[in-house]
Amino acid sequence: MSTEIRVPTLGESVTEATVATWFKKLGDHVAVDEMLCELETDKVTVEVPSPVAGTISEIVAPEGSTVSVEALLAQISEGAAAPEPAAVSRKTPEAESVTVMVPTLGESVSEATVATWYKQPGDSVTQDEILCELETDKVSVEVPAPAAGILGKTLAPEGSTVQAGGQLAVISSAVLQAPTSGTADAAPSGRKDLEDAPSAKKLMAETGLDRSKVTATGKDGRVMKEDVQTVLAAKPATLAIAMTPASAPRAAVPVEDAAREERVKMTRLRQTIARRLKDSQNTAAMLTTYNEVDMTEVMALRNEYKDLFLKKHGVKLGFMSFFTVACCHALREIPEVNSEIDGTDIVYKNFVHMGIAAGTPTGLVVPVIRDADAMSFAEIEKAIAEKSTRARDGKLSMTEMQGGTFTISNGGVYGSLMSSPILNPPQSGILGMHKIQDRPMAINGQVVIRPMMYLALSYDHRVVDGKGAVIFLVRVKEALEDPRRLLMDL
């Protein structure tokens, strides 16, 4: 019986790859899950394991050839494999292996970056023990061990991009006896025709990088593309040594400064934040208008009812619910602030999905409270508390951060006195809250000390006129300075 070995799925919008290395040759015996060859795309390296035990009877795509997804790579004749130690041991129940897969990453999320491996090959792991952490554009995902055993080879090193449903590693449910001689891996180490991955050689040639400065992580000591990229992303001081003078960066950093610098690759979340914020500035005609609000009445109302509120609803009464309700009232009067531009159309939202910006250890996220305009103070406070906790723990799903129509950002919790928030596209408005600070104010001809907060509304001037923006802020100010207006829908 013969089994076809075909090119696996390579990732979203990736349709072809190059056969970089064959680890096995025609006539070789292979075991289940033993690596047959390595494919390279523009972004990632993909290893192709054997689905069965047997003998390689045909290699259709030689090294260097370009293959499409689902193209035939080789044929394996099953049942012809010699009783190698590894193959025999796999047949014993206690020595079975379990593949660690990339979990579901969330709606419309197809790939992630391997951020950290907490376990290394050869380490003992228990079931549900965290093996590694993946990063998507929005959240971090921890991958637990599906079974107890010994972690075998990790198929996706730190920094590599993996697809949902892809393979991360293999766990052996028992320690296999390592052969003392004549192992399959020992023979290739003496090969004189060993070659680095084509993409790695090309990148080293383009950058003038000395191969001896690169730590090889590929099979049998091959240098892979990721190995070269690791060196190129290293500190300037390291590059100055590794690269020839002709290829060194033009804007050289003084040696004494370079030695004290640290270069860290941006996380996928940080890259997404940077891209979206810059896109917002480049796309929208963003303008910011300011006002200030006297927080005396809100603070007094909160202090009077906070204990009863907590006792009845099980959640603390904060300022965010007041601001959320005040904004919902103002958005009804100035609907263009709650709209978005779609081509040559303006889409007005007859509902409020309120985004509440939250800082986390890995960056800024904006969970969305859906239909906030139909919620009570208690419902809003509960929703904010629950979303904030999930955000800090990195447990928010993509769905929970999509569909917002307006955003509130509270820089005051960090001590910000005044700032200009950046729009969260495709939204047309964002309200910036700031620190409450006692300031002398002229009230009825007398100077009194009042707890004041600066408010900032950034808006897309393509759809929101200055008059509408100013009125919106005034309505928020009026509602907060006289909270009874919120109860009477004024």
Among beta bridges assigned by DSSP with both residues in region 270-487, the antiparallel ones amount in percent, to the nearest 5, to 80
Under a plain spin-label model, where a point goes 7 Å from the Cα along Cα-to-Cβ, how far apart in nm are residue 277 and residue 478?
3.5
If you average the alpha carbon positions of region 117-174 and of region 265-330, how far apart do those two centres end up, in angstrom?
37
Please state, rounded to one decimal and in Å, the Kirkwood hydrodynamic radius that region 290-414 gives when every pair of distinct Cα atoms enters the mean of 1/r.
15.7
Quick check for me: using +1 on Lys/Arg Cβ and -1 on Asp/Glu Cβ, what's the dipole size of region 270-487 about its Cα centre, in debye to the nearest 20?
620
Residue farthest toward the positive end of the dipole of region 270-487, with Cβ of Lys/Arg at +1 and Asp/Glu at -1: which of 425, 360, 331?
360
FRET efficiency for residue 9 and residue 443, Cβ-Cβ distance as r, R0 = 60 Å, nearest 0.05?
0.30
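Set the bar at 18 Å for Cα to Cα. Now go through 316/387; 312/382; 201/225; 387/477; 306/435 and name every pair that lies beyond it.
The answer is 387/477; 306/435.
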State the extension gain, in nm to one decimal, for the chain segment bounded by residue 16 and residue 120, taking 0.36 nm per residue of separation less the distance between their alpha-carbons.
34.3 nm
Length added when fully stretched, residue 58-residue 28, from 0.36 nm per residue minus Cα-Cα
9.8 nm
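On alpha-carbon atoms, Rg over Rh for region 338-490 using Kirkwood Rh? Write down the numbers at each step before the final one.
Numbers: Rg = 16.7 Å, Rh = 17.0 Å.
For region 338-490, the value is 0.98.
Quick note: the coordinates plus some simple rules give every number you see, no bench work behind them. In this text, all values refer to a predicted model and were calculated from it rather than measured experimentally. Here the Cβ is made from the backbone with ideal geometry for all residues, glycine too, and neighbour counts use every protein chain on show.
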